[in-house]
1. Restricting attention to segment 22-71, and to residues there that are out of contact with any helix residue (DSSP H, G or I) (no Cβ under 8 Å at 6 or more places or on another chain) and not in a helix (DSSP H, G or I), which single residue is nearest to residue 7 (Cα to Cα)?
2. If I ask for residues that are surrounded by 13 or more Cβ atoms within 10 Å (Cβ to Cβ), without any contact (Cβ under 8 Å) to a residue 24 or more places away in the chain and either touching a strand residue (DSSP E or B) at 6+ places or on another chain (Cβ under 6 Å) or closer than 28 Å to residue 60 by Cβ (or both), which ones from segment 2-30 would you list?
3. Can you tell me which condition residue 41 does not meet? The list is (1) surrounded by 11 or more Cβ atoms within 10 Å (Cβ to Cβ); (2) at pLDDT 95 or above, and all the others hold.
């Protein structure tokens, strides 16, 4: 992998670690980073962010379902 590609993978991983909200995007960034370096220091942070994003997604889905059933 060239230096530019490496920088892009790490940059995306940092972005997703700080601001990522979509589990699929966070998982994709973590996968790309783990291909680059299996023990990269950002991977645990991405795993925590991914777990939290999935929890929030489930909560929002439940709230939407609950509101739909309460209002109908």
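1. By that ranking, first place goes to 37.
2. Selection gives 12, 15, 25, 27, 28, 29, 30.
3. Every listed condition holds for residue 41 apart from (1).
The values are calculated or read from the model by the stated rules, or taken from the named source; none is laboratory data. Remember, it's a predicted structure, so these values are computed and weren't measured experimentally. Please note: Cβ atoms are built from the backbone with ideal geometry, for glycine as well, and neighbour counts cover all protein chains shown.
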